[in-house]
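Beneath this line is the structure, given in C-alpha cells, with notes to follow.
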2 protein chains.
Amino acid sequence: MALIVKKFGGSSVADANKLFNVARIVTEDYKKGNDVVVVVSAQGDTTDDLIAKAKEINPDNPSKREMDMLLASGEQISIALLAMAIEKLGCPAVSLLGWQAGFSTDSKHSLARIKNVNSERIRAELDKRNIVVVAGFQGLNKYDDITTLGRGGSDTSAVAIASSMHADLCQIYTDVDGVYTADPRKVVGAKKMNEITYDEMLELATLGAQVLNNRSVEMAKKYAVELEVLSSLENKPGTIVKEAVNMEKMLVKGVACDKDILLVSIIGLKDTPGIAFKVFNQLSRKNVNVDIILQSVGRDGTKDITFTVPKTQQADVEEALSIIKEKVDYEDMVINDKTGKLSIVGAGMETHPGVASKMFEALADVGINIHMIATSEIKISVIIDVEDCQKGMQAVHDKFIG
Amino acid sequence: MALIVKKFGGSSVADANKLFNVARIVTEDYKKGNDVVVVVSAQGDTTDDLIAKAKEINPDNPSKREMDMLLASGEQISIALLAMAIEKLGCPAVSLLGWQAGFSTDSKHSLARIKNVNSERIRAELDKRNIVVVAGFQGLNKYDDITTLGRGGSDTSAVAIASSMHADLCQIYTDVDGVYTADPRKVVGAKKMNEITYDEMLELATLGAQVLNNRSVEMAKKYAVELEVLSSLENKPGTIVKEAVNMEKMLVKGVACDKDILLVSIIGLKDTPGIAFKVFNQLSRKNVNVDIILQSVGRDGTKDITFTVPKTQQADVEEALSIIKEKVDYEDMVINDKTGKLSIVGAGMETHPGVASKMFEALADVGINIHMIATSEIKISVIIDVEDCQKGMQAVHDKFIG
C-alpha cells in the first residue's frame, strides 16, 4: 500500500467522458489498496473563458485579488465533477478547495508561492478511505483571501502535497506519454526518455518544453519527491524524474523552444553606478521574471541593456518600464515580441567542448540569425526570430539527437 | 450615513452591461457616504448550466456535498466580476465568499440553514471604506465544507447580514418594481403596493409569488429588518415590507400561483395509530417541505392522505415514498405533477365572512374545478389543474382587486 498523488491538467478533465477516464485511472489505484490524492486544474478552456469575462469588465487592469477570486472558481467546478464521477464508479470521494486542503501562500495575487501545506484534512479523509480530489493552482494568504499560483500551478500543488505527506510517488498526467528530447508534435525524430534528472528537467521546463511547470520541478528536487510524467490516455510507463539517473549516451538531453517571450532593449543608458539595479528593481517589484540579461557597452560611454521576460507578464513589464523611463536617462527603448528562445539541455555539457559551436553550425546551416546567446552549466540558449523557431528546433535536434 | 444591504439576483448580473448597472446603483449610495454591502447570486443561467454538467456525470443522484461545492462556484464568479466593475467606476471594492463573510450554516447540503453570521470581516472592510460584495446562497458548516441555502437563498443571505449588522435597510432588487397584487406579467390589472406586512409577504412568498424567498421574509420579521423590494432597472421607490403598515382599503392583498408542486395521494391506508407519523416522518427525514395536507376517511375504515410538496424536491420525495411503500399498508399511491396552487392573501381576511365563497364563485364562473382547499388566518389556497392556473389567477384578481 502506497500514498500516490496524481495530477491531471485541464485538457484531461475537459468533459464528462474525460472526467470518467480520469476517474477510472484513479479508482484502479485506489482498489489496489493505495491512498490516492488527485490534484486537478480547471476544465479545458474555463480559465480562458473567465479571463475573457474579466476583460469585458476591465480590459486593462482588473484587480489581481479579484482575478484570483474569479479564476479559483474554475478548479472548484472540476473537483466537484471529478468527485461525482469517482462516486458514480462506486468509490467514495471528497473534493477539497485549496484552502480546505491546507494550502497557505504568500500574498502575491496571481503569482503566489506556497508557504506551507497543512495536510491534516487530507490525511483525515484518506483515513476514512476517501479518494481526495484537491483543487490545484490555489491557496489562501494570511488575510484569508484566495490566491492563485499562476499558470501551471497545479503541478506545484501536486508536488507540494506529495512533499508534505511524504508520498511514495507523484504522477503528473499530460497529453504526451513522457518527456521527449523535443516536443514530438513539433520535431520529427523526438525520442522519449525513461529517466531524467531534476536539473535537466528544470532547464527543459524553464525553457518552454511545457511538460512540467518549473516551480514544481524545483520543489520536487528540494524535497526529493519522485515524479513520473505520463499519459492520461495510454496505460504505459512514462518518464521518471529523480536526482540521479542511469547514464545515457546522449549528451544533449533535450531541445526546447519558448515563443512566449518579450525581448526588451534599453539603449544608450547613461553609465552611472546602480543603473542596472534601478532597471531590474522596478521589474522585480512587479514580480516580473527576468530571464536572459545581456549588458553591453554602447557609444559615448553609455550602456545597452537587453533582457527577456515572459509575454504573459506584458502588462506588468510595461508598467515597470514606464516607471524606469522616468527614473533613468536613456536614448531608446525597444520591445520586440517577435523573438523566441531556442535551447539545448544536458548534464555534463560544459565539460564537452564544441557543443555550442555545433549548435550554432546547425542554425547557420539553415540560415538562422542569432540575436543573443546565454549559457549555463547544462544548457545553451539562443534568441532568434520567432518564425525561425520551428526550423531551428528541427535542425538542432537533427544535429544532436535525430 | 447609513448601512445599506443590497441584493441583486442572477438576471441583474447576467452580463457586463448589467454588472455595470448594478455597480452604478451601488456606487451612487456609496458616494453619499453610506456603508454598502452588496449580496449577489450567480450570473443568469450559470446555476442551471452547472446542474446540467453534474447531470452529465450522474443523472440520478449526484452527492449533495459535491453539488454544493459545484454550485457555490457560480456566486464566486459574479462577486469577482461585480467587484471589478465597481473598481472600474472608481470606488474601492472587495469580494467575499460566503465563508469569508462569516456565514455558518447547519450541514443539510443543498438546503442548509444559516446558524450565524460573524460579520467581523465585513465590518473591517467597511471601515476601510470598501464596498463589500458578498456571495449569496452559500456558507460553511462545522466540518469546513461548503453548503448552499437552496434556490432563493441569496435573499436570506442579504437579510441575515442586515440582521447581524443592524443595517438601516435591506433592499432586494428584482426585475419588477415592487410587490404587486398579482404577478403583473401574468395578470392584467395587477397593482403595485407601497407597503405590506411581513405576514402578508410571507404568505405571498410561500405561495409562489416569486418576489421574495420565504425564509428571507421569516428572518426579516424575526429580527425586524426593514425590507424594500425594488427594480434594478428603474430608479424609483419600491414596496416596503415591515411589521405594521397603513391600513389600505383592499382586504385581499395579493393573488399568487405556484405551479411547481406535486400532489401526492396515498389511498386506502390501513387506519392504525401513528400512520400519519410514519408517512410524514420519512418525508421530514429527506428535508421535504410538505405544504397542504388533507386527510379523509376512505372506504372500509381506511384513510386517504393527500399532500403537496415542491416539484424541485421530486427525487427526495420519491425516495421517501419508496420507503413509505414498504412500511405502511395501502391500496394505491398517485403522484400528480399537473396541478397548481392558487391563493389569495390578506390580513383580516378571517374576520370578513364570504371571502372564500367569493373566491370559489370566481373560479366556478370560468369553469375551474377545485381539487383541494386549505385556509389559514390570512390566506385561502386551492389546488387546481395546472392549465387552469393562469385563467384562475386573472378571474380571482378581477373579482377582488381588478
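Out of curiosity, is B:Asp127 at positive phi and either out of contact with any Ser or Thr (no Cβ under 6 Å at 6 or more places or on another chain) or surrounded by fewer than 18 Cβ atoms within 10 Å (Cβ to Cβ) (or both)?
In short, no.
Quick one: which residue in B:Thr272, B:Thr312, B:Thr306 is touching a strand residue (DSSP E or B) at 6+ places or on another chain (Cβ under 8 Å) and either surrounded by fewer than 17 Cβ atoms within 10 Å (Cβ to Cβ) or hydroxyl-bearing (Ser, Thr, Tyr) (or both)?
B:Thr306
Which pairs turn up if I take residues in segment B:269-295 that are in contact (Cβ under 8 Å) with a residue 12 or more places away in the chain and look for partners that are aromatic (Phe, Trp, Tyr) and part of a loop (DSSP other than H, G, I, E, B) with beta carbon separation below 8 Å, at least 6 apart in sequence or on another chain?
Here the result reads B:Leu269/B:Tyr330; B:Lys270/B:Tyr330, each pair linking segment B:269-295 to a residue that is aromatic (Phe, Trp, Tyr) and part of a loop (DSSP other than H, G, I, E, B).
Please go through segment B:91-110 and pick out each residue that is of a type in the set (Gly, Ala, Ser) and away from chain A (no Cβ under 12 Å).
B:Gly98, B:Ser104, B:Ser107, B:Ser110
Of the residues B:Ala72, B:Ala85, which is of a type outside the set (Lys, Arg), buried (at least 20 other Cβ atoms within 10 Å of the Cβ) and in contact with a helix residue (DSSP H, G or I) (Cβ under 6 Å, 6 or more places away or on another chain)?
Selected residue: B:Ala85, the only one of B:Ala72, B:Ala85 that is of a type outside the set (Lys, Arg), buried (at least 20 other Cβ atoms within 10 Å of the Cβ) and in contact with a helix residue (DSSP H, G or I) (Cβ under 6 Å, 6 or more places away or on another chain).
Count, please, the residues in segment A:158-200 that happen to be polar (S, T, N, Q) and either part of a loop (DSSP other than H, G, I, E, B) or farther than 16 Å from A:Val229 by Cβ (or both).
Within segment A:158-200, residues that are polar (S, T, N, Q) and either part of a loop (DSSP other than H, G, I, E, B) or farther than 16 Å from A:Val229 by Cβ (or both) number 4.
Of the conditions (1) away from chain B (no Cβ under 12 Å); (2) in contact with a helix residue (DSSP H, G or I) (Cβ under 8 Å, 6 or more places away or on another chain), A:Asp29 fails just one. Which one is it?
(2)
Would you pick out the residues in segment B:34-59 that are in contact with a helix residue (DSSP H, G or I) (Cβ under 7 Å, 6 or more places away or on another chain) and within 13 Å of chain A (Cβ to nearest Cβ)?
B:Val40, B:Ala42, B:Gln43, B:Gly44, B:Thr46, B:Thr47, B:Leu50, B:Lys53, B:Ala54, B:Glu56, B:Ile57, B:Asn58
Just to verify a result, which residue in segment B:359-397, among those that are in a helix (DSSP H, G or I) and over 28 Å from the mean Cα position of the chain (by Cα), is surrounded by the fewest Cβ atoms within 10 Å (Cβ to Cβ)?
Per the stated criteria, the residue is B:Asp365.
Just checking, does segment A:68-88 include any residue being farther than 21 Å from B:Ala72 by Cβ, without any contact (Cβ under 8 Å) to a residue 40 or more places away in the chain and not small (Gly, Ala, Ser)?
no
State which residue is surrounded by the most Cβ atoms within 10 Å (Cβ to Cβ) when the search covers only segment A:190-220 and only residues that are within 15 Å of A:Gly178 (Cα to Cα), of a type in the set (D, E, K, R) and in contact with a strand residue (DSSP E or B) (Cβ under 6 Å, 6 or more places away or on another chain).
If we take residues in segment A:190-220 being within 15 Å of A:Gly178 (Cα to Cα), of a type in the set (D, E, K, R) and in contact with a strand residue (DSSP E or B) (Cβ under 6 Å, 6 or more places away or on another chain), then A:Glu200 is surrounded by the most Cβ atoms within 10 Å (Cβ to Cβ).
Does any residue of segment B:148-166 turn out to be within 13 Å of chain A (Cβ to nearest Cβ) and within 25 Å of A:Asp68 (Cα to Cα)?
Yes, the conditions are met somewhere in segment B:148-166.
Which count do you get for residues in segment A:291-317 that are of a type in the set (A, V, I, L, M) and modelled with pLDDT of 85 or more?
Result for segment A:291-317: 4.
The values are calculated or read from the model by the stated rules, or taken from the named source; none is laboratory data. Owing to the predicted nature of the structure, the values given are computational and were not obtained by experimental measurement. A quick note on method: Cβ atoms are made from the backbone with ideal geometry, for glycine too, and the neighbour counts reach across all protein chains shown.
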